[in-house]
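The values are calculated or read from the model by the stated rules, or taken from the named source; none is laboratory data. Note that the structure is a prediction, hence the values are computed from the model and not measured. Ideal geometry is used to build each Cβ from the backbone, glycine not excepted, and the neighbour counts take in all protein chains shown. These area figures cover heavy atoms from the full protein model, side chains too; ligands, DNA and RNA do not enter into them. Shrake-Rupley method; radii C 1.70, N 1.55, O 1.52, S 1.80 Å.
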Amino acid sequence: MPAVRKKETFWSEPIAKVALQRAAVVRSGTTIVDAVREMKVNQIGCVLVVDAQGALLGILSNGDLLHEFVGTTLPGDTPVDTIMTKNPFTATPELNVQEALEIFHSQPFRHLPILSGSTIRGILSIRGLMAFIGEHLPLEVLNLPPDSSLIAARTSGG
Amino acid sequence: MDGLKEYLTRKDFVSSSEVRWCPGCGDYAVLNAVQNVLPQLGIPKEKYVFVSGIGCSSRFPYYLDTYGFHSIHGRAPTLATGIKVANPELSVWVVTGDGDGLSIGGNHLVHALRRNLDLNIILFNNKIYGLTKGQYSPTSEKGQVTKTSPYGVIDEPINPLRIALASEATFLGRVVDTDPKHIAEVLRAGAEHRGATFVEVLQTCVIFNKKGWADISERASREDRLLYLEQGKPLIFGEKRNKGIMLRGTNPVVVTIGEQGVTASDLVVHDMYREDSVYAAMLAKMEYPAYPMPVGVFRAVKKPVYEDELEEQIKQVTALKGRRNLQALLRGSEYWTVSGNGSSIKRSSTVGSPEREESQVMDEQVHALLKSTDPLTASLKTKIGRIFYDYDYKRSKMLSPRDSIATAIANFKSARLECILVGDTKRLYGMLSERDIIQNVVLTSIDRDRMPISAIMRPVYEIMDESNSLGDVINILSISGHRHVPVRLKDGGFGLVTVRQILSFIHDTVQQVVKQEEELQ
């Protein structure tokens, strides 16, 4: 009697269960060079900009830097506020996996700040979401030969 | 004499065989101690069996007037296991050495111990192969010069007690060959323990490793260098009985009673009945000269004994299924008859072949697992070639490794790219992401017009094929931590699969499923 797999239920899981990346955070007025350094230290592709009270003002990504800063006449000590994306798209930890998929599908960004009230919980990245989906499907994704053409058609050994 | 029980004596266990050990060998001390202990255990002489492997110490059974096997190198624990399982009423002893027990038979020793058969295992550790005339053994010390290590041993030595502890031995002891009374005490305690007993004897080979244990075993310095473990008593040692072992954090430290306010009540109290093995492991790791060498009973814990459990299992299964026929088992459902001269081979088979049936069942199970009924998981088998063409109309941009960083920046900006491939139609050298550009251009002062891309690109360790599945790509990206993976295209050249493409595909698949479900309702 072949076993029938149950329908996947992880779609309704809150993204709080996804391993969020720790956010790189700088204060408003920080220079662009210092913000990039912060991104490098945290090994993340974006940095959040906050005011003196810690409230989120904007986000700056590698993409923003490439298009708004590199090749322009702006000096490196320009405040991040000049080129950051103001009032960025954010979500709460209650957002579920399917909703997150919808957001990344329809929006151009790759990093989504997750906030509880005004507290920054972390960053949901497009890659983190993919990895989360993959982890729920060990049979189809993770625990297979490196090339799916090598999956054995018959069991062997004894 | 009537009414009086006749006692066995030491003499009853002395054999008439000529003893071939070198005069002065530490093995004699153990033999004498064993011959002293055996009559005290109240076990009839014919119930003793001594099993050994190969080596000087393995000649032991010849010198005892009991049953015994001088068996195969390293295999004494396996023979002993068989003897004990078939005859649980016997008192079974294993005599082995550092080479026989820890090198040639290391594996067998581990399994005899972990099964916790009621065996008494004595391991003679002289840190050398004596019988074969002086090669270094698994317990030889670093730097020890032997015939096979003329410039000093470079192997890390094995600690026998730590191996026994890792194998879950329920009784652990250690003795030195210069203290026969103590050997007898520990062996007796081990013999009375129900379960696997392991006793290491620090024994001197007078010919090939005369100084092996001299530092700790010589009578003159023994009190200062050995720590005699006594149940319920503090860890005290020294000729003046004024030194001890205290715990500082999780480390044992040597202290002197009366100095720096240390009193006997600060010392660790020996408890061989501790269930967990942490304390015994700490003692086993204490070695001279950093610490006094502990001797005595390290551990004695109760656990179910293998032969008892086996007997119980046989009893239960027999009650359920009755006694079975050995001939029927041997013939099984399929067997061959070979004629006397080998000219004919006849295969006989009863109904079906269980072996084949089982493999068929396994195949069916595997197929059922792989044949997912969930549309999303089924879609993960889609070839990435399809995703690549459905979700990326633009060919991925490729630049030469000699192109300048300025050229790469211009391409990133004009086409709003996330990643650029570096190579030519035949070979891929690397990849360049926005991050590589930003971190190099913003944080360093490189000359972007003259510096080639090759200086900052990231090497490519993984190239997929169009025939790989979406699941393969998710797997690779999950491991690599990247957002892009290059794909070798069927018609030549290279493309990129991105996380965004994958999520778009998953998104569209899910939407289709939802739509179909709605239509069905």
- Task: Residue by residue through segment A:111-135, note down the ones that are facing chain B (nearest Cβ under 9 Å) and within 14 Å of the chain's Cα centre (by Cα).
- Result: A:SER125, A:ILE126, A:ARG127, A:LEU129, A:MET130, A:ALA131, A:ILE133
- Query: Is it true that B:ILE163 is assigned to a loop (DSSP other than H, G, I, E, B), assigned by TED's automatic domain parsing to the domain that holds B:ALA214 and on the phi < 0 side of the Ramachandran plot?
  - Reply: no
- Kindly indicate which of B:THR425, B:THR407, B:THR509 is within 11 Å of another protein chain (Cβ to nearest Cβ) and either among the acidic types (Asp, Glu) or open to solvent by 10 Å² or more (accessible area, probe 1.4 Å) (or both). B:THR509
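If you check B:VAL460, B:VAL514, B:VAL442, which single one turns out to be touching a Phe, Trp or Tyr at 6+ places or on another chain (Cβ under 8 Å), more than 18 Å from B:SER396 (Cβ to Cβ) and assigned by TED's automatic domain parsing to the domain that holds B:GLY385?
Values: B:VAL460 fails: more than 18 Å from B:SER396 (Cβ to Cβ); B:VAL514 fails: touching a Phe, Trp or Tyr at 6+ places or on another chain (Cβ under 8 Å).
Exactly one residue qualifies, and that residue is B:VAL442.
Which strands (runs of 3 or more DSSP E) sit wholly inside segment B:36-148 and have at least 3 residues that are touching a residue at least 24 places away in the same chain (Cβ under 8 Å) and in the same structural domain as B:VAL206 (by TED's automatic domain parsing)?
Working: elements: B:48-52, B:67-70, B:91-97, B:119-125.
Correct list: B:48-52, B:91-97, B:119-125.
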- Task: Test B:ASP472 against the stated conditions and say whether it is charged (D, E, K, R), under 47 Å from the mean Cα position of the chain (by Cα) and closer than 22 Å to A:SER149 by Cβ.
- Result: yes
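Hey, could you check segment B:482-492 for residues that are within 21 Å of B:ARG435 (Cβ to Cβ) and open to solvent by less than 40 Å² (accessible area, probe 1.4 Å) and say which is nearest to the other protein chains (Cβ to nearest Cβ)?
Per the criteria, the residue is B:HIS484.
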- Query: Are any residues in segment B:432-455 more than 10 Å from chain A (Cβ to nearest Cβ) and of a type in the set (Val, Ile, Thr), and if so, which ones?
  - Reply: B:THR444, B:ILE446, B:ILE453
- Count, please, the residues in segment B:305-332 that happen to be surrounded by fewer than 12 Cβ atoms within 10 Å (Cβ to Cβ) and either of a type in the set (Lys, Arg) or within 25 Å of the chain's Cα centre (by Cα) (or both). 4
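Taking the residues in segment B:441-450 that are in contact (Cβ under 8 Å) with a residue 24 or more places away in the chain and surrounded by fewer than 17 Cβ atoms within 10 Å (Cβ to Cβ) as candidates, determine which candidate is nearest to A:PRO75 (Cα to Cα). Before you say what the answer is, go through the steps one by one.
To start, the set of residues in segment B:441-450 that are in contact (Cβ under 8 Å) with a residue 24 or more places away in the chain comprises B:441, B:446, B:448-450.
Still in the running and surrounded by fewer than 17 Cβ atoms within 10 Å (Cβ to Cβ): B:446, B:449-450.
Numbers: B:ILE446: 15, B:ASP449: 18, B:ARG450: 21 Å.
The residue in question is B:ILE446.
Being out of contact with any Ser or Thr (no Cβ under 6 Å at 6 or more places or on another chain) and open to solvent by 20 Å² or more (accessible area, probe 1.4 Å) is the requirement here; does B:TYR67 meet it? It would help to see each step written out before you state the result.
Numbers: out of contact with any Ser or Thr (no Cβ under 6 Å at 6 or more places or on another chain): yes; open to solvent by 20 Å² or more (accessible area, probe 1.4 Å): yes.
Spelling it out, B:TYR67 is indeed out of contact with any Ser or Thr (no Cβ under 6 Å at 6 or more places or on another chain) and open to solvent by 20 Å² or more (accessible area, probe 1.4 Å).
Residue check: is B:SER91 open to solvent by 10 Å² or more (accessible area, probe 1.4 Å), farther than 26 Å from B:GLU287 by Cα and touching a strand residue (DSSP E or B) at 6+ places or on another chain (Cβ under 8 Å)? I'd like the intermediate steps shown before the answer.
Numbers: open to solvent by 10 Å² or more (accessible area, probe 1.4 Å): yes; farther than 26 Å from B:GLU287 by Cα: yes; touching a strand residue (DSSP E or B) at 6+ places or on another chain (Cβ under 8 Å): yes.
Yes.
Can B:GLY481 be described as within 47 Å of the chain's Cα centre (by Cα), farther than 25 Å from B:TYR389 by Cβ and assigned by TED's automatic domain parsing to the domain that holds B:TYR389? Before the answer, list the steps.
Numbers: within 47 Å of the chain's Cα centre (by Cα): yes; farther than 25 Å from B:TYR389 by Cβ: yes; assigned by TED's automatic domain parsing to the domain that holds B:TYR389: yes.
Considered against the rule, which asks whether it is within 47 Å of the chain's Cα centre (by Cα), farther than 25 Å from B:TYR389 by Cβ and assigned by TED's automatic domain parsing to the domain that holds B:TYR389, B:GLY481 comes out as yes.
If you check B:ALA184 against the conditions, is it in contact with a helix residue (DSSP H, G or I) (Cβ under 8 Å, 6 or more places away or on another chain), open to solvent by less than 70 Å² (accessible area, probe 1.4 Å), in a helix (DSSP H, G or I) and on the phi < 0 side of the Ramachandran plot? Walk me through it before giving the result.
Numbers: in contact with a helix residue (DSSP H, G or I) (Cβ under 8 Å, 6 or more places away or on another chain): yes; open to solvent by less than 70 Å² (accessible area, probe 1.4 Å): yes; in a helix (DSSP H, G or I): yes; on the phi < 0 side of the Ramachandran plot: yes.
Answer is yes for this residue.
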- Task: Of all residues in segment B:144-193, count the ones that are among the charged types (D, E, K, R) and within 25 Å of the chain's Cα centre (by Cα).
- Result: 5
- Answer with yes or no whether A:GLY128 is touching a residue at least 60 places away in the same chain (Cβ under 8 Å) and not acidic (Asp, Glu). yes
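Of these, B:ARG402, B:ARG500, which one is open to solvent by 20 Å² or more (accessible area, probe 1.4 Å), more than 10 Å from every other protein chain (Cβ to nearest Cβ) and at pLDDT 85 or above?
On the way: B:ARG500 fails: more than 10 Å from every other protein chain (Cβ to nearest Cβ).
So the residue among B:ARG402, B:ARG500 that is open to solvent by 20 Å² or more (accessible area, probe 1.4 Å), more than 10 Å from every other protein chain (Cβ to nearest Cβ) and at pLDDT 85 or above is B:ARG402.
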- Output the qualifying pairs, or none if there are none: Cβ atoms under 7 angstrom, residues six or more apart or on different chains, first residue in segment B:370-394 and modelled with pLDDT of 70 or more and open to solvent by 30 Å² or more (accessible area, probe 1.4 Å), second residue in a helix (DSSP H, G or I) and among the β-branched types (Val, Ile, Thr). B:PRO375/B:THR509; B:PRO375/B:VAL513
- Query: So B:GLU46 fits all but one of (1) surrounded by fewer than 24 Cβ atoms within 10 Å (Cβ to Cβ); (2) within 22 Å of B:ILE183 (Cβ to Cβ); what number is the exception?
  - Reply: (2)
- Within segment B:456-481, residues being facing another protein chain (nearest Cβ under 7 Å) and open to solvent by less than 50 Å² (accessible area, probe 1.4 Å) number 8
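What number of residues within segment B:401-425 satisfy the criterion of being free of Cβ contacts under 8 Å to residues at least 12 places away in the same chain, not charged (D, E, K, R) and not in a helix (DSSP H, G or I)? Step through it out loud before you land on a result.
Taking segment B:401-425 as the starting set, the residues that turn out to be free of Cβ contacts under 8 Å to residues at least 12 places away in the same chain are B:410, B:413-414, B:416.
After this cut, where a residue has to be not charged (D, E, K, R) as well, the list is B:410, B:414.
Subsequent filtering for residues that are not in a helix (DSSP H, G or I) retains none.
Selection size over segment B:401-425: 0.
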